[in-house]
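All of the numbers you see were taken from the coordinates with simple rules; none came from a lab. This is a predicted model, so every value here is computed, not measured. Cβ placement follows ideal geometry from the backbone for every residue including glycine, while neighbour counts extend to all protein chains displayed.
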Amino acid sequence: MRRSPKDTALSYAKVSRRGLMLGALQLGFAGALGLRMRYVQVEQADEFRLLAEENRINIRLIPPARGQIFDRNGKVIAANEPAYRITMVREDAGDVDAVIARLSSLVELDEDALNRALAEMKRSAPFLPVTVADRVTWEELSRVAVNAPALPGVTPEVGLSRVYPLKSDYAHVAGYVGPVSERDLARREDPDPLLRIPRFQIGKVGVESKLEDTLRGKAGAKRVEVNAVGRVMRELSRREGVPGADLQLTVDSELQNYIRHRLGEESASVVVIDLENGDLRAIVSAPTYDPNKFVRGISVADYAELRDNNHRPLASKTVQDAYPPGSTFKMITALAALEAGVITPEDTVYCPGHIEVSDRRFHCWKRAGHGNVNLDQSLRESCDVYYYDLALRVGIEKISEMARRMGIGEAHDIPMSAISSGIAPDKDWKLRERGAEWVIGDTVNASIGQGDVLTSPLQLAVMVARIATGRDIKPRLIRSIDGVETPSGLGEPLGLNENHLRQVRRGMHSVCNNRRGTAYASRIIEDAFRMAGKTGTSQVLNRVVRNQDVPWEERDHALFVNFAPYDDPKIAVAVVVEHGGGGSTAAAPIARDVTLQALYGEDPPLEAYPEKDRSRIKAQQDRLAREREDYAADGSSRA
């Protein structure tokens, strides 16, 4: 059916109106789009250019060189050495198994390390490098570099790693570094971004840990261009970081090494303090371990051997462990009584071999008793009853106060791990810590360094240093930081009566130089270097039994403290031999040898020893010299 001209005209008019409306809408949309494009391309050009640049360019951190650690004479304790490693990029390698097979023909690959690397490759992005062999030799690295065309995706790299050239001598002092763990990050409120770099090393124990921020330095940065998937295309610029500060310790490596060899297989510790400035000339725990094993990744077998050793080589006994000080504490009780005015040096106490207190008998070590003894005799022969009597008169509060004045009950501020504060107990302490009232028997026990009294070897050395000088000696381990010397540890005068200190020192001199002194067998003959000291034996189990009749772990600890020379004190020494038995037989000979070695700076002449000991000492010196030479040669060959 044909449409009429009128209908056709009406239909055409409707289509024209719709076309105009559609055209207007399109024109409006195009105009809005144009305005938007102008806004984006012109007015926001700088902002979008910056965003594009950020997607193209990454900022990556560059680890700084870690600060080195030296001894007081400039000998290197902790250094950085080139560490050669081989990395692989899975994407570039293609057939990973085939490349690994070719690589293993050039370099010996540790199976466990390789399995960890392969697992890491599967977890990581295909373009990220993964270390497949760490700490390879220069020769192995060279072989890989020469065969690079046959090893797609494999890259030989050079970095820095920590090394301890003196090995076990400073394990408990300097400590060691290791890879950052989740626990390390959790302990820090705002972790340094450096700590998130894969395989970055931080201090785990000792000075390395306590002065981590000082040793670490500041990160550098490099600008690298990356493609759309994040692969590095090229390096655009680089800013090197600031190396960590170098530290100089107060410790003398020669003396440290000598003491470690002198202690041998004993479970023992020695602290030597310089009385002129509080410098720790030596601070040795034995047995010890090689910290390099931890840096490189200690094996399960090696760690188990250290962990299960009953001599506890991982423990820093000089500062971490606390022992009953035994009779080395008697100087504290004597000074407390002298300062309180309850005795004079000439006053005597009768020792029948025991004392009755509250229906309990407290024995002297000499069951037959010492008879009438004064201050000098009580120290010389270590009479227990004399100090029981003093304690009953002076009271625990004054004894505890004097102990704290002499550095016991204080965690001394040196950068080592797990420093013990020890215990200088009083009535408040027992009520607070034990929930019990103090009884008179506690005071009697404390007077001879038993009961609740606990001290570390470091505290014992500080105690005798303060007795020798009358000053508030504070131990110093860090001599300088980047060449800037730290404050001296000499301290101010303690304010004690000098005559009282002189009387106590005289008694300590008798201990070593009077024929009836408990340490007379370990005396120094050389007049210019004669020492004053005190023996101590602290019970592990409260029972009367000979040490040789019980297992090693149940034997008494042996202690000895001294200063020398007597007329012009230069050093203070503290020795603790765990389960060593008597202080006069186990600890005093070690202290005498250490004192002479420190004062002479080398093996002392045999004339400094009693004549009857000289052949034995000569044999000992020869043996230790051979051991130290072998140890040094072994270190050189490893290096």
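Each Lys and Arg contributes +1 and each Asp and Glu -1, all at the Cβ; summed about the Cα centre of region 84-159, the dipole is approximately 160 debye.
Among Lys317, Lys618, the order by Cβ neighbours within 10 angstrom, fewest to most, reads Lys618, Lys317. Using the Cβ-Cβ distance between Glu629 and Asn310 with R0 set to 35 Å, the FRET efficiency from 1/(1 + (r/R0)^6) comes to roughly 0.70.
Taking 8 Å as the Cα distance limit and 6 or more residues as the minimum spacing, I'd like the relative contact order of region 84-159 as a percentage. Relative contact order comes out at 58 percent. Sequence-distant contacts, meaning Cα pairs under 8 Å at least 6 residues apart, place the relative contact order of the chain at 13 percent.
Taking a sphere under 11 Å around the Cβ of Ser456 and counting the other residues whose Cβ falls inside, with K and R at +1 and D and E at -1, yields a net charge of -1.
Three semi-axes describe the equivalent ellipsoid of region 84-159; taken as square roots of 5 times the Cα gyration tensor eigenvalues and ordered largest first, they are 17, 13, 11 Å. Annotation: amide H-H contacts under 5 Å for Ile202 (H modelled 1.01 Å from N, sequence separation of 5 or more, or interchain): Gly178, Val180. The ranking of Leu141, Leu431, Leu390, Leu458 from fewest to most other beta carbons within 10 Å of each one's beta carbon is Leu431, Leu141, Leu390, Leu458. Note that region 88-104 has calculated 3J(HN,Hα) couplings of 9, 9, 4, 4, 7, 6, x, 7, 4, 4, 5, 5, 4, 4, 5, 5, 5 Hz, one per residue in order, obtained from phi through the Karplus relation 6.51 cos²θ - 1.76 cosθ + 1.60 (θ = phi - 60°); glycine and proline are x. Farthest towards the positive end of the charge dipole of the chain, among the residues Thr537, Ser421, Ala245, is the Cα of Ala245, using unit charges on the Cβ of Lys, Arg, Asp and Glu. Across region 463-472, rounded Karplus estimates of 3J(HN,Hα) from the backbone phi angles (6.51 cos²θ - 1.76 cosθ + 1.60, θ = phi - 60°) give 4, 6, 5, 6, 5, 5, 10, x, 10, 7 Hz, Gly and Pro being marked x.
Put a dot 7 Å past the Cα of Lys366, heading toward its Cβ, do the same for Ser142, and the two dots end up 7.3 nm apart. Projecting the Cα atoms of Ile355, Ala78, Leu141 onto the charge dipole of the chain, computed from C-beta unit charges around the Cα centre, puts Leu141 farthest toward the positive end.
Approximating the spin labels as points 7 Å out from Cα along Cα→Cβ, the Arg502-to-Ala436 distance works out to 4.4 nm. Between the amide H of Val132 and those of Ile86, Thr87, Met88, distances stay under 5 Å, these residues lying 5 or more places away or on another chain, with hydrogens modeled in the peptide plane.
Between the beta carbons of Ala301 and Ile481, assuming R0 = 35 Å, the FRET efficiency works out to 0.35 to the nearest 0.05.
So what's the angle, to the nearest 10 degrees on a 0 to 90 scale, between helix 498-513 and the longest Cα principal axis of the chain? With rounding to tens, the tilt is 80 degrees. Here the 3J(HN,Hα) profile of region 147-156, calculated from phi with Karplus coefficients 6.51, -1.76 and 1.60 at θ = phi - 60°, is 9, 3, x, 8, 10, x, x, 9, 9, x Hz, Gly and Pro shown as x.
Within the straight-line cut-off of under 27 Å between alpha carbons, the lysines reachable from Lys430 are Lys317, Lys330, Lys398, sequence neighbours fewer than 8 places apart in one chain being disregarded. For the chain, the mean residue ellipticity at 222 nm estimated from helices alone is -11500 deg cm²/dmol, where every DSSP H run of n ≥ 4 contributes -39500 (n - 2.57) and the total is divided by all residues, rounded to the nearest 500.
Within region 261-420, all pairs of alpha-carbon atoms sorted by distance into 10 Å bins from zero give the percentages 9, 27, 26, 22, 11, 5, 0.
This model, with +1 at the C-beta of Lys and Arg and -1 at the C-beta of Asp and Glu, gives region 425-475 a dipole about its Cα centre of some 240 debye. Sequence neighbours fewer than 8 away in the same chain don't count; with that in mind, list the lysines whose C-alpha is under 17 Å from Lys222. Output for Lys222: empty list, no partners. Ignoring aspartates and glutamates fewer than eight residues from Lys366 along the same chain, the ones with Cα atoms less than 12 angstrom from its Cα are Glu381, Asp384. The three principal axes of the C-alpha atoms in region 348-394 carry coordinate ranges of 29, 25, 13 Å, sorted with the longest axis first. Annotation: average projected area of region 454-507 is 4.8 square nanometres, based on the convex hull of Cα atoms across all directions. Ranking of Asp549, Asp634 by neighbouring Cβ atoms within 10 Å, starting from the fewest: Asp549, Asp634. Panel note: the C-alpha atoms of region 365-492, placed on their principal axes, show extents of 59, 38, 23 Å (largest first). Among the listed values (i) 0.95; (ii) 0.97; (iii) 1.24, the one computed from these coordinates for Rg/Rh (Cα atoms, Kirkwood Rh) is (iii).
Charged side chains reduced to their Cβ positions (Lys and Arg at +1, Asp and Glu at -1) give the chain a dipole of some 2720 debye around its Cα centre. Applying the criteria of a DSSP loop state and at most 11 other Cβ atoms within 10 Å to the trypsin sites (Lys or Arg not before Pro) of region 510-539 yields Arg515, Arg516.
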